[in-house]
Amino acid sequence: MAVNGSAGEGIPAKLTGQVVVCSIIAAFGGLMFGYDIGISGGVTSMDVFLKRFFHSVYVKKNHAREDNYCKFDDQYLQLFTSSLYLAAVVSSFFASKCCKKRGRRITIRLAAVFFLVGVALNAAAMNLMMLIVGRILLGFGVGFGNQAVPLFISEIAPPKFRGGLNVCFQLFVTAGILFANIVNYFTSSHPYGWRISLGGAAVPALFLAIGSLMIVETPASLIERNHPERGLATLRKIRGVQDVQKEFEEIVATTELAKQIKHPFKNLMKRSSRPQLITSALLQIYQQFTGINVIMFYAPVLFQTMGFKSDASLLSAVVTGCINVVATLVAVFCVDRVGRRFLLIEAGIQMLIAQSITGVIIAKFLHATNVLPKTYSFVVLFLICFFVSGFAWSWGPLGWLIPSEIFPLETRTSGFFIAVSTNMICTFIIAQAFLTMLCRMRAGIFFFFSVWIVVMLIYAIVFIPETKGVPIDEMNEKVWKKHWFWKRYFMPKPDHYLNRKNKNGSMKKCSKLSKKKRK
Ligand code: BGC
């Protein structure tokens, strides 16, 4: 997730200790986000937790004759997971304002505060209300963190290292998911295991809170908020050299230009913004409708549905978590070598194979009340790992990277806000609907996601241009204006369209005139 700068010629390319330390501290925001994604599935499969907060699910789950597919179908249980993402959608709007008016550093601090209060409420929860309110506060933390952290990292990174540092944010997200899976595995049999699991989020949150007192404010934010001297001093500090005049002047020029745009959202609605807007919103929708979060949120529940015992289910979630981290590393090294399109298309095919074969196995061998034969359970576990690895080196990081590099300066932050909020809305939909869909559609759910993957594959092949190695400020000229389809959005409108519009416009004017005359 980054809002990159230009090609960066003449800018010191040294990666200083300051930049590395500040980026790592900020990336703890990603770790918190990941921890929240990974923790809820394990907690909602723990008997002690279900018995206390979702008694009917507990009874259903342990009822011998209960339908495999519907054991966990409960609106409140889903709300426990999804409420976080709804809060994140709402808060990311306020976070984008806070980022602009008060700076990135304070926005990151606020994220940590929301997180800490949310964690305290969750770990100490005595009733469902405390749980949900806690989750909502965590959602505020995610909204503030996800808006500010990527922006922060890309604004302090030297241009040459921006892509790599950008994918590192996703790497922290995956590390957070894995950390949560491991915690769940060790706490599941403890009577207060769920409290420890939910309270564990305090670790990354505390790191972020303490760290946010040490990080610098970004030069761009200082200059944007009329503190040019402080901006210059910070730039010298993070670049480790005195001669930063060229970069300083570039930031000043960029912020001046950005300040002239009074209505960035209106600008975003212009015809020439449509290719980037449509592509980044669709990337988020496709990313979520691959079905990835079904595994991230509900893997232990899914594995239990297939007949794994509680412990084995949590262990399987740890396995998928490891694959997720390792495969994201592949993206860090490959994304600037083989290009975005290759990864998107290759992984799309890989995910399609995994989803559809899983669907066939489940449809054939998992009925309402039996247990999936052992061999097939392992085949499904393998297919899920195959699916997760594909996602992790493609649609996962690229879903964030591409929207951050395709917008021109005047619509970059507002465009990125649309990407973040579309992602959160889709994440909310999946979290809220999956267990009910599993109950109603049964194995069909895997074919539902397969159809989405086919659609996204076609979109990637036909409509997504290659952006590897293109300087961000030349994206319109070198990419969009040359694309067989998108180039039409940069051409004057076709004659018949203008004629129709003029006709309508002049007809309206005429009728107004004749009305006036008549009066
Ligand atoms: C997605 C998350 C997902 C995670 C899995 C991110 O890119 O936005 O929704 O849970 O990847 O690693």
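Values quoted throughout were computed directly from the atomic coordinates according to the rules given, and no laboratory measurement underlies them. None of the values given here were measured: they were computed from a predicted structure. Ideal geometry is used to build each Cβ from the backbone, glycine not excepted, and the neighbour counts take in all protein chains shown.
For the reader, a short list of remarks on this structure follows.
- Distance violations [Cα-Cα > 20 Å] among 14/246; 246/482; 160/468; 97/270; 100/259: 246/482; 97/270
- Descending semi-axes in Å of the chain, equivalent ellipsoid built from Cα gyration tensor: 40, 30, 23
- Relative packing of 124-134, 249-259, 315-325, which averages over residues the other C-beta atoms within 10 Å, highest first: 315-325, 124-134, 249-259
- Cα lying deepest toward the dipole's positive end in the chain, options 315, 17, 226, charges on Cβ: 226
- Extension gain, residue 101 to residue 250, is 51.6 nm, computed as 0.36 nm per intervening residue step minus the present C-alpha separation.
- Think of the chain as a dipole: +1 on every Lys or Arg Cβ, -1 on every Asp or Glu Cβ, centred on the Cα centre; then among 29, 211, 454, 454 lies furthest on the positive end.
- By average C-beta atoms within 10 angstrom, highest first, the peptides 95-104, 47-56: 95-104, 47-56
- Charged neighbours of residue 145, selected by a Cβ distance under 14 Å, balance to +2 (K, R count +1; D, E count -1).
- Principal axis extents of the Cα atoms in the stretch 173-218, from largest to smallest and rounded to whole angstrom, are 44, 20, 9.
- Cβ-based exposure ranking for 189, 197, 404, in which fewest neighbours within 10 Å come first: 189, 404, 197
- Computed lengthening from residue 230 to residue 76, 0.36 nm per intervening residue step minus Cα-Cα distance: 50.5 nm
- Cα gyration tensor shape for the stretch 216-260, rounded if a/c is under 1.5, else prolate or oblate: oblate
- Under Karplus coefficients 6.51, -1.76 and 1.60, residue-wise ³J(HN,Hα) of the stretch 23-36 in Hz, glycine/proline x: 5, 5, 4, 5, 5, 4, x, x, 5, 5, 4, x, 4, 5
- Sum of -39500 (n - 2.57) over DSSP H runs of 4+, divided by residues of the chain (222 nm, nearest 500): -25500 deg cm²/dmol
- Couplings 3J(HN,Hα) of the stretch 254-263, computed from phi: 4, 5, 4, 4, 5, 5, 5, 7, 7, 10 Hz, in residue order, whole Hz [Karplus 6.51 cos²θ - 1.76 cosθ + 1.60, θ = phi - 60°; x for Gly and Pro].
- For the chain, the Cβ-based charge dipole about the Cα centre amounts to some 2900 debye (Lys, Arg positive; Asp, Glu negative; other atoms uncharged).
- Cβ-Cβ FRET estimate between residue 378 and residue 441, R0 fixed at 25 Å, reported to 0.05: 0.55
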